Amino acid sequence: MQHLVKVNEKKEIAVVQATIGFSNGPIWSPEGSQFVVATLAKIPVPGNWTEDERMSEELISISKDGTIKRLTHLTDQFQHVDIEGYRWSPDGKKIAFWVFVESIDDSSSGSDYNLAILDLRSQKITIFCFSGIPGISRLYWSPDGKQILTREIVDKNPKTNALIYDTVLINLAKKTMLKVAEATIPLGWMLDP
């Protein structure tokens, strides 16, 4: 359990079961009024798994006063959901993240994490047919919030088994991906002064 505490008042304002890991953690909104975090969504899983062995996640936001709001409802539709690497858009209206889902009947299951965009106004999630590896394929929003820069695994070095990456640019409105550099790792956006 994670506790949100107002240190100056020594007052606990929220308690959540967040899933903080390699590519996850509390990420503050651009204006600083709330943060987003993945939290456990306890749902029973049919078959041999017990609830404790196979947990699913949802995104929640927590405001400075401790108000908790569930942002996603993926576990209403899927048996297993894993959310990683979430990042706010510069205007705070969207959240990009990697998502892995398994459906109860295996009709919507995948073997990869796919890029997803949550529109906070409409609560609509768009899942793109673009896969990445959370923690490795970090998401970088363009300053105008219309594109995302990340990396894609394209090959493996046969001698060293090291993965080879290309830097790609994803246009969210057109739902297209463009390779912008080969054998590179993006570090973010640079603007002219």
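The values are calculated or read from the model by the stated rules, or taken from the named source; none is laboratory data. A quick note: this is a predicted structure, and the numbers were derived from the prediction, not measured. In this analysis, Cβ positions are derived from the backbone assuming ideal geometry, glycine residues included, and neighbour counts consider all displayed protein chains. Just so you know, the surface numbers come from the protein's heavy atoms only, side chains and all, with ligands and any DNA or RNA stripped out. Shrake-Rupley method; radii C 1.70, N 1.55, O 1.52, S 1.80 Å.
For all pairs of alpha-carbon atoms in the chain, what percent lies in each bin of width 5 Å, listed from the first bin to the last filled one?
Once binned at 5 Å, the Cα pair distances of the chain give 1, 7, 14, 18, 18, 15, 12, 8, 4, 1, 0, 0.
What ranking of Asp166, Asp155 comes out by heavy-atom accessible area, probe 1.4 Å, highest first?
Asp155, Asp166
Simple spin-label model, 7 Å along Cα-to-Cβ: Lys175 to Lys64 in nm?
3.9 nm
What list of ³J(HN,Hα) values in whole Hz, one per residue of the stretch 182-193 in order, does the Karplus curve 6.51 cos²θ - 1.76 cosθ + 1.60 (θ = phi - 60°) give from phi, with Gly and Pro shown as x?
Along the stretch 182-193, the couplings run 9, 6, 9, 10, x, 10, x, 9, 10, 9, 5, x Hz.
Mind checking Rg over Rh on the stretch 148-188, alpha carbons, Kirkwood formula for Rh?
Across the stretch 148-188, the Cα-based Rg/Rh ratio is 1.07.
Given 0.36 nm per residue, what is the gain on full extension from Leu163 to Gln2 after removing their alpha carbon distance, in nm?
Taking 0.36 nm per residue and subtracting the Cα distance, the gain is 54.5 nm.
Taking only protein heavy atoms and a 1.4 Å probe, what accessible area per residue, in Å², does the stretch 74-176 have with all protein chains in place?
With the other protein chains kept in place, the stretch 74-176 gives 50 Å² per residue.
GNM, the chain, Cα, under 10 Å: largest mean-square fluctuation among Val16, Val101, Val81?
Comparing Val16, Val101, Val81 in the GNM, the peak value goes to Val16.
I'd like to compare 2-13, 142-153: which one has the highest average count of other Cβ atoms within 10 Å, and what's the full order after that?
142-153, 2-13
Cut-off 10 angstrom, C-alpha nodes, Gaussian network model of the chain. Which of Lys156, Lys179, Lys94 fluctuates the most?
Lys156
Ignoring ligands, DNA and RNA, what percent of the 1.4 Å accessible area of the chain is carbon and sulfur?
52 percent
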